[in-house]
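S.K.: Below you will find the structure I want to go over with you.
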Amino acid sequence: MNKREEEKLLRQKEKLEKERQRLKKMRIYEEEYGMYGRICGIDEAGRGPLAGPVVAGAVILPADAQILYLNDSKKLSEKRREALYDEIMEKAVSVGVGIIGPERIEEINILQATYEAMRKAVADLSLKPDVLLNDAVTIPEVEIKQVPVIKGDAKSVSIAAASIIAKVTRDRLMKEYDQAMPGYGFGRHKGYGTKEHIESLKRLGPCPIHRRTFIRKFV
């Protein structure tokens, strides 16, 4: 091994150690509340888009889980999210998903729909958790101990894992909608209010997955 290769290997080791230290800091809440029992992270994707469902993820990780590069899903590339999704599904003790569609969002409003998706995600778990680490919210009508964590998807490995499950699940659904309802570009913007989306909405009019109160000012 020459000097350049040695230096490259050293940089890789330093980078790996830095990542492990970052993940260690993201286990603070899991360690603090681990005394209560099984920890579950909760997060959602899709509160802001003009179209499509809101999706919640619930993830129970093993206490010794090592999933490198786990982070807030919004800070990751699509390729990284997809890879982490597979690793989370492989290593998690249990994963739950809750999906609430546009009609229900319109019926009860997006905040209540988000809570409902979170309750569904918890109910979808194969094991009942003892503590819920939530990204910034307290979910009504849930008797399990809850800990709201501001910007939790960047501070807790459990919430980060849940954010990835929710985001990837929703993105995959939007790609399916793109095939079923071409012309809107759902596979690219995932229903968010991009210039492309708004222009297509004005040109084609709303489709069945648009949230009527969200698009009112555009049509």
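S.K.: Only helical DSSP H runs with n ≥ 4 go in: add -39500 (n - 2.57) per run for the chain, normalise by residue count and round the 222 nm mean residue ellipticity to 500 deg cm²/dmol. Show your work: numbers first, answer last.
M.R.: Working: 9 runs with 106 residues, N = 219.
Result for the chain: -15000 deg cm²/dmol, rounded to the nearest 500.
S.K.: Helix 110-123 sits at what angle to the longest principal axis of the chain, using alpha carbons and giving 0 to 90 degrees rounded to 10?
M.R.: Roughly 50 degrees, rounded to the nearest 10.
S.K.: Where both partners of a DSSP beta bridge lie in the chain, what percent of those bridges are antiparallel, to the nearest 5? Mind dumping the intermediate values first?
M.R.: Details: 13 of 22 bridges.
So the antiparallel bridges amount to about 60 percent of the total.
S.K.: Report, in debye and to the nearest 20, how large the dipole of the chain comes out about its Cα centre when Lys and Arg carry +1 and Asp and Glu carry -1 on their Cβ. Present the calculation step by step, with values, prior to reporting the outcome.
M.R.: Numbers: 40 positive and 33 negative charges, 177 e Å.
Computed about the Cα centre, the dipole is about 840 debye.
S.K.: Using the basic label-point model (7 angstrom from Cα toward the beta carbon), what is the VAL142 to MET89 distance in nanometres?
M.R.: 2.3 nm
S.K.: Then there is this: What size of dipole, in debye to the nearest 20, comes out for the stretch 142-219 about its Cα centre when the only charges are +1 on Lys and Arg C-beta atoms and -1 on Asp and Glu C-beta atoms?
M.R.: Numbers: 16 positive and 7 negative charges, 56 e Å.
In total the dipole reaches around 260 debye.
S.K.: What GluC sites (Glu not before Pro) does the stretch 121-208 have in DSSP loop regions with at most 14 other beta carbons within 10 Å? Walk me through the numbers before you get to the answer.
M.R.: Numbers: sites: GLU141, GLU143, GLU176, GLU196, GLU199; in loops: GLU141, GLU143.
For GluC sites (Glu not before Pro) across the stretch 121-208 that sit outside H, G, I, E and B with at most 14 neighbouring Cβ atoms in 10 Å, the list reads GLU141, GLU143.
S.K.: Net charge around LYS151, counting only other residues with Cβ within less than 10 Å of its Cβ (Lys, Arg = +1; Asp, Glu = -1)? If you can, show how the numbers build up before the last one.
M.R.: Numbers: positive: LYS155; negative: ASP72, ASP135, ASP153.
Net charge in that neighbourhood comes out at -2.
S.K.: How many nm separate the modelled label positions at ILE108 and LYS202, each set 7 Å beyond the Cα in the direction of the Cβ?
M.R.: Each label point is offset 7 Å from its Cα along the Cβ direction, giving 3.5 nm.
S.K.: From the cross-link list LYS75/LYS202; LYS91/LYS145; LYS8/LYS91; LYS25/LYS145; LYS79/LYS190, which pairs have alpha carbons spaced over 20 Å apart?
M.R.: Working: LYS75/LYS202 31 Å; LYS91/LYS145 24 Å; LYS8/LYS91 30 Å; LYS25/LYS145 22 Å; LYS79/LYS190 16 Å.
Beyond 20 Å between Cα atoms: LYS75/LYS202; LYS91/LYS145; LYS8/LYS91; LYS25/LYS145.
S.K.: For the stretch 2-67 and the stretch 178-207, compute the distance between their C-alpha centroids and round to whole Å.
M.R.: Distance between centres, Cα-based: 32 Å.
S.K.: Viscosity 1.567 mPa s, temperature 4 °C: Stokes-Einstein D of the stretch 25-173 from its Kirkwood Cα radius, in µm² per second?
M.R.: Values: Rh = 14.8 Å.
Rounded to a whole number, D works out at 88 µm²/s.
S.K.: Where does the longest stretch of the chain lie that holds no trypsin sites (Lys or Arg not before Pro) found in a DSSP loop with 15 or fewer other Cβ atoms within 10 Å?
M.R.: 48-150
S.K.: Classify the stretch 76-125 from the C-alpha gyration tensor, please: rounded if a/c falls under 1.5, else prolate or oblate depending on whether a/b exceeds b/c. Kindly include the intermediate steps, with their values, before the conclusion.
M.R.: On the way: a/c = 3.86, a/b = 1.75, b/c = 2.20.
It is oblate, given that a/c is not under 1.5 and a/b is not larger than b/c.
Each value in this text was obtained by applying a stated rule to the coordinates, not by laboratory testing. No experiment lies behind these values; they were computed from the predicted model shown. With ideal geometry, Cβ positions are generated from the backbone for all residues, glycine too; neighbour counts draw on all protein chains shown.
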